[in-house]
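Following: one structure in structure tokens, then a few remarks.
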Amino acid sequence: MTSAPARRTVVATAKALLAAHKGLLAMDESTKTCNKRFAALGIPQTSEARRAWRELIVTTPGLADSISGAILFDETIHQQLKDGRPFARALADADIIVGIKVDTGAQALAGHPGETVTEGLDQLGDRLVNYAALGARFAKWRGVIAIGDGLPTNASISANAHALARYAGLCQELGLVPIVEPEVLMTGDHTLLRCAEVTERVLHAVFEQLYVQGVQLEGLLLKPNMALPGLACAEQNTVDEVADATVMCLLRTVPAAVPGIAFLSGGQTGVQASNRLNAMNQRFKKRMPWALTFSFSRAIQYPALDIWHGDSGKAQQAQHALQHRAACNRAARGGEYSAAMEPTA
Ligand code: 13P
């Protein structure tokens, strides 16, 4: 049972993460994922290149105007900026709350080809204590659900929901806000309707498990996918259709006690993600009991990464692009984003 002081801490941190129409920045790509993105752009896949890219991100002027919290990867929370400050210190100095990815990745689920279960519960309590000592105040765990022929199975949904709830309970007991991220992937040719059905099924299972494990809903944030057609689906829906399907799905499954929902971007472009988040907030502002915001990685980082390309001479221009996407998403959280905010408009 989580103590009263720990409960108060997580509720206050969750509230701070949602304050002032801000959102979150995910910069917690595993070394493997970060290297894959660097390789595609011809950037060296070294610890120093990853450090330099992340230093560029956290030193972006004005980032804290739109970003309340940033999620780090284990490697980064142990690294320093050129001026010697640890990353967690630099974020705190910038008034950005420090988060940390604590799962150890999705592994093949035995007996269920094409499906995974996310691991990392072993010694999780000790790791959370260490991360809190390094400055982390919230954590992230991502379960991955694939749509396909006969997929997802109940086995994959229940294994991932169970792990998410176990992780969330442990975080709260130690005073860290859990970001609960069940991601239904965009890979495939499924329709928007199918994604919405699967997402609804997954979220029901996740909230059932959070209840079983006694997780306090007021002290967590949900990080779901939007309801989207698969990347290879012939019919790509309108912004409003995506907004309607996504919010319907959330209204049916996410209790009003949850303070906020912060979407992952999942492979959408920066502009698509801003547009869709904006439409949800514009169309449903009065009906939604929770804050609806963002916790994007690719939809914020990609335009800037593409400019930077590992060239320190491009750092300022890249920071400008990063700040711009963060500001667009903050506007979208308030339903005040428009195409006129984009430079090409
Ligand atoms: P994307 O926004 O690139 O989907 O990343 C969000 C995230 O944190 C995935 O775990």
Taking the stated definitions as given, is GLY175 within 20 Å of PRO259 (Cα to Cα) and in a loop (DSSP other than H, G, I, E, B)?
-> yes
Say whether the condition of being surrounded by 20 or more Cβ atoms within 10 Å (Cβ to Cβ) and over 22 Å from ARG7 (Cα atoms) is met by at least one residue in region 170-182.
-> yes
Considering region 28-39, residues that are loosely packed, with under 15 Cβ neighbours inside 10 Å and within 14 Å of the ligand (Cβ to nearest atom), and then whichever is farthest from ASN329 (Cα to Cα), we arrive at LYS32
Of the residues in region 183-195, those that are over 19 Å from the mean Cα position of the chain (by Cα) and crowded, with 21+ Cβ neighbours inside 10 Å number 2
Residue match in region 179-197 (condition: in a helix (DSSP H, G or I), touching a Leu at 6+ places or on another chain (Cβ under 6 Å) and at pLDDT 95 or above) = yes
Is there any pair linking a residue in region 42-58 that is in contact (Cβ under 8 Å) with a residue 60 or more places away in the chain to one that is of a type in the set (A, V, I, L, M, F, W, C) and surrounded by fewer than 15 Cβ atoms within 10 Å (Cβ to Cβ), with Cβ under 6 Å and at least six apart or on different chains, and which?
-> none
Scan region 204-225 and give yes if some residue there is part of a loop (DSSP other than H, G, I, E, B), of a type outside the set (Val, Ile, Thr), within 16 Å of the ligand (Cβ to nearest atom) and without any contact (Cβ under 8 Å) to a residue 60 or more places away in the chain, otherwise no.
-> yes
Among the residues of region 210-249, the number that are within 30 Å of ARG8 (Cβ to Cβ) and surrounded by fewer than 22 Cβ atoms within 10 Å (Cβ to Cβ) is 7
Where a residue in region 181-193 is of a type in the set (Ser, Thr, Tyr) and its partner, wherever it lies, is near the ligand (Cβ under 10 Å from one of its atoms) and at pLDDT 95 or above, with Cβ under 9 Å and at least six apart | THR187/GLY267
Taking the residues in region 263-286 that are touching a strand residue (DSSP E or B) at 6+ places or on another chain (Cβ under 9 Å) and hydrophobic (A, V, I, L, M, F, W, C) as candidates, determine which candidate is farthest from the ligand (Cβ to nearest atom).
-> PHE284
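The values are calculated or read from the model by the stated rules, or taken from the named source; none is laboratory data. These figures come from a predicted structure and were not determined experimentally. Here Cβ is always computed from backbone atoms with ideal geometry, including for glycine, and neighbour counts include all displayed protein chains.
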